[in-house]
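Student: For reference, the structure I am asking about is given below.
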Amino acid sequence: MKLRSKLLLSLLAAGIAVCLALIFASRWTAPGRHADAAYVSLLNEAYGAVVKNYVEKPDAKKLVQSMVDGMLASLDPHSAYLPPEPYHEMEVQMSGSFGGIGLELGMKDGRLTVIAPIEDTPAFRAGIQGNDHIYKIDGVPTERMNISAAVKRMRGEPGSPVVLTILRGDSSQPRTFRLVRAVIRVKSLKSRLLEPGYGLIRITQFQERTGDEFTQALQALRAASGGTLKGLVIDLRYNPGGLLESSVEVANNFIGDDAAHTLIVSIRGRTPDATQNFHATLGAKEPRYPIVVLINGGSASASEIVAGALQDHRRAVIMGKQSFGKGSVQSIFPLRDNGALKLTTARYYTPSGRSIQAKGITPDIEVGTAGPVADKNAGKGTELREKDLENRLEPGGEERDAEGEAAIPRGAKKGAAAETAKDYQLSRALELLRSLDLLRQKGVTALP
């Protein structure tokens, strides 16, 4: 009996201990979980009430998508739900290649019009010209068709046919073009010599192939200059950004000849995989000729990564106007409906530890616009920047030196006189490059 009583008492004590442990655990370690469950329950309750009682039967799919949109809109301006079509279009845009015929389109006088055919594409080889009015696509009139719908009809599997009916000039006689779709590769940059020895590379967006295209453009400019460049302008004006990895590849051409300073950009987020340092590879780099990077209020994200890295490493003079100030990183999370979540997961920092979120990159030499660049925003007043956006992220934390890297002092501002030309900022950039090259020839040490 005594043994049985002791056993019962032991079991009772153990049971009380387990109950107390569960009570304390629920009170101390899971308040967040209970709150989250309550919020999700509230969401389900609201959804059920709408579905059951709304005056008309709602579209369940639209209802759920609206709930997701509302949830993400409360976070920051760059987090969003991407339905299947916009998600696919974003993938195509970032890849820089698609199945199609190779036309740049626009609307002119309310009509679907060819801006220009892309060189060496089916449309280019067939003789389609700028200002051609696309009257029909596969027999379907384009009278009420927007550009997105037209693009969707023209794109398709390489090797598949598409028929365009075109009106040219004042002729009322339509022309028929039977085209076979091919893989179209859209270049993310253009390059040319400004004058012998001085090159220009304009990057419009950072896509998957931008890093390779940039390296090829450098080689072509160098060859066209007799094997040596005296200076380079990297034009990042109105470049909205793109892929972080591609911006790292571009900066890698100029950083990495000093083993003590190889950091290009660091990103910091809540999760371990959202915190990362991106370093340049060690080895042979571009010769240390002068570089000017042009930026303005339309230069954002990946553009600011390149400008910030070259500025911190004193590898380039940054010229133009304050950049947009988008210092956040978005990650894509595919969903079961073939759409995706674009979610802000980290902030990024320049090599010296600067956050440009809602601040932007401050140019070493501030130069306003004139000519066609100014006309693009004429009459619009102050440019919209990240700091003006609703729900935008705060700059985040105190700025500090990146791990394992000493702060790199920024270059001093330099003034230079230049004549007003068609593109005033570009003219000033070229003038500065000439001046720096002249100083080098005279043996005077100058930035960069």
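The values are calculated or read from the model by the stated rules, or taken from the named source; none is laboratory data. Note that the coordinates shown come from a computational prediction; the quantities given were computed from them, not determined experimentally. Cβ sites come from the backbone with ideal geometry, for glycine too, and all protein chains shown count toward neighbours. In case anyone asks, the SASA skips ligands and DNA or RNA and just uses the protein heavy atoms, side chains included. Shrake-Rupley method; radii C 1.70, N 1.55, O 1.52, S 1.80 Å.
Student: Can you tell me how many residues within region 207-220 are small (Gly, Ala, Ser) and open to solvent by 50 Å² or more (accessible area, probe 1.4 Å)? Before the answer, list the steps.
Tutor: Keep residues of region 207-220 that are small (Gly, Ala, Ser), which gives 211, 217, 220.
Checking which are open to solvent by 50 Å² or more (accessible area, probe 1.4 Å) leaves us with 220.
Qualifying residue count for the region: 1.
Student: Scan region 173-196 for residues that are open to solvent by 40 Å² or more (accessible area, probe 1.4 Å), farther than 30 Å from Val293 by Cβ and of a type in the set (D, E, K, R) and jot them down.
Tutor: Listed by number, the residues that qualify are Arg175, Arg178.
Student: Here's a follow-up. Looking at region 304-314, which of its residues are farther than 16 Å from Ser355 by Cβ and either polar (S, T, N, Q) or surrounded by fewer than 24 Cβ atoms within 10 Å (Cβ to Cβ) (or both)?
Tutor: Arg314
Student: Taking the condition of being touching a residue at least 40 places away in the same chain (Cβ under 8 Å), assigned to a loop (DSSP other than H, G, I, E, B) and farther than 16 Å from Asn277 by Cβ, how many residues in region 336-362 meet it?
Tutor: Number satisfying all stated conditions: 7.
Student: Determine whether Gln330 is more than 25 Å from Leu200 (Cα to Cα) and either open to solvent by 40 Å² or more (accessible area, probe 1.4 Å) or not in a helix (DSSP H, G or I) (or both). Please lay out each step first, then the result.
Tutor: Details: more than 25 Å from Leu200 (Cα to Cα): yes; either open to solvent by 40 Å² or more (accessible area, probe 1.4 Å) or not in a helix (DSSP H, G or I) (or both): yes.
Criteria met by Gln330.
Student: On to the next question. Which residue pairs have Cβ atoms closer than 6 Å, lie 6 or more positions apart in sequence or on different chains, and pair a first residue in region 157-182 that is in contact (Cβ under 8 Å) with a residue 60 or more places away in the chain with a second residue that is of a type in the set (A, V, I, L, M) and open to solvent by 60 Å² or more (accessible area, probe 1.4 Å)?
Tutor: Here the result reads none, with nothing in region 157-182 linked to a residue that is of a type in the set (A, V, I, L, M) and open to solvent by 60 Å² or more (accessible area, probe 1.4 Å).
Student: Just give me the residues in region 333-348 being touching a Leu at 6+ places or on another chain (Cβ under 9 Å) and either buried (at least 24 other Cβ atoms within 10 Å of the Cβ) or basic (Lys, Arg) (or both), in sequence order.
Tutor: Matches in region 333-348: Lys342, Arg347, Tyr348.
Student: When region 87-118 is examined, which residues are found to be within 25 Å of Ser188 (Cβ to Cβ) and open to solvent by 60 Å² or more (accessible area, probe 1.4 Å)?
Tutor: Of everything in region 87-118, those that are within 25 Å of Ser188 (Cβ to Cβ) and open to solvent by 60 Å² or more (accessible area, probe 1.4 Å) turn out to be His88, Glu89, Glu91, Gln93, Glu104, Met107, Ile115.
Student: Considering only residues that are more than 23 Å from His88 (Cα to Cα) and either acidic (Asp, Glu) or part of a helix (DSSP H, G or I) (or both), which ones fall in region 139-154?
Tutor: Correct list: Glu143 only.
Student: On to the next question. Please enumerate the residues belonging to region 159-172 that are of a type outside the set (A, V, I, L, M, F, W, C) and either open to solvent by less than 70 Å² (accessible area, probe 1.4 Å) or at pLDDT below 95 (or both).
Tutor: Quick first cut of region 159-172, residues of a type outside the set (A, V, I, L, M, F, W, C) only: 159-161, 165, 168-172.
Answer for region 159-172, where residues must be of a type outside the set (A, V, I, L, M, F, W, C) and either open to solvent by less than 70 Å² (accessible area, probe 1.4 Å) or at pLDDT below 95 (or both): Gly159, Ser160, Thr165, Arg168, Gly169, Asp170, Ser171, Ser172.
Student: What strands (runs of 3 or more DSSP E) lie completely within region 221-295 and have 3 or more residues being open to solvent by less than 60 Å² (accessible area, probe 1.4 Å) and in contact with a Cys (Cβ under 7 Å, 6 or more places away or on another chain)?
Tutor: Values: elements: 231-235, 263-269, 276-279, 291-295.
In region 221-295, no matching strands (runs of 3 or more DSSP E) lie anywhere.
Student: Shifting gears a bit: Does region 197-206 contain any residue that is open to solvent by 20 Å² or more (accessible area, probe 1.4 Å) and either more than 25 Å from Thr362 (Cβ to Cβ) or in a helix (DSSP H, G or I) (or both)?
Tutor: So the first thing to find is which residues in region 197-206 are open to solvent by 20 Å² or more (accessible area, probe 1.4 Å), and the list is 202, 204-205.
Then drop every residue that is not either more than 25 Å from Thr362 (Cβ to Cβ) or in a helix (DSSP H, G or I) (or both), which leaves none.
No, every residue in region 197-206 fails to be open to solvent by 20 Å² or more (accessible area, probe 1.4 Å) and either more than 25 Å from Thr362 (Cβ to Cβ) or in a helix (DSSP H, G or I) (or both).
Student: Search region 349-387 for residues being charged (D, E, K, R) and open to solvent by 60 Å² or more (accessible area, probe 1.4 Å), and hand back the single one that is modelled with the highest pLDDT. Give the steps one after another, and end with the answer.
Tutor: First, the residues of region 349-387 that are charged (D, E, K, R): 354, 359, 364, 366, 375-376, 380, 383, 385-387.
So of that shortlist, the ones also open to solvent by 60 Å² or more (accessible area, probe 1.4 Å) come out as 359, 366, 375-376, 380, 387.
Values: Lys359: 94, Glu366: 97, Asp375: 42, Lys376: 43, Lys380: 43, Lys387: 80.
In this case the residue turns out to be Glu366.
Student: If Thr204 passes every condition in (1) among the hydroxyl-bearing types (Ser, Thr, Tyr); (2) over 26 Å from Val92 (Cα atoms); (3) free of Cβ contacts under 8 Å to residues at least 40 places away in the same chain but one, which one does it miss?
Tutor: Answer for Thr204: the failing condition is (2).
Student: I would also like to ask the following. I want to confirm something. Restricting to region 121-131 and keeping residues that are part of a loop (DSSP other than H, G, I, E, B) and farther than 11 Å from Leu103 by Cα, which single residue is least open to solvent (accessible area, probe 1.4 Å)? Reasoning before the result, please.
Tutor: So the first thing to find is which residues in region 121-131 are part of a loop (DSSP other than H, G, I, E, B), and the list is 121, 127-131.
Filter again for farther than 11 Å from Leu103 by Cα, leaving 127, 131.
Working: Gly127: 30, Asn131: 101 Å².
Among those that are part of a loop (DSSP other than H, G, I, E, B) and farther than 11 Å from Leu103 by Cα, it is Gly127.
Student: Which one is modelled with the highest pLDDT, of the residues in region 93-111 that are among the aliphatic types (A, V, I, L, M) and closer than 26 Å to Glu143 by Cα?
Tutor: As a first pass, look at region 93-111 and keep what is among the aliphatic types (A, V, I, L, M): 94, 101, 103, 105, 107.
In the following step, the residues that additionally are closer than 26 Å to Glu143 by Cα were identified as 101, 103, 105, 107.
Values: Ile101: 96, Leu103: 92, Leu105: 89, Met107: 89.
Ranking the candidates gives Ile101 first.
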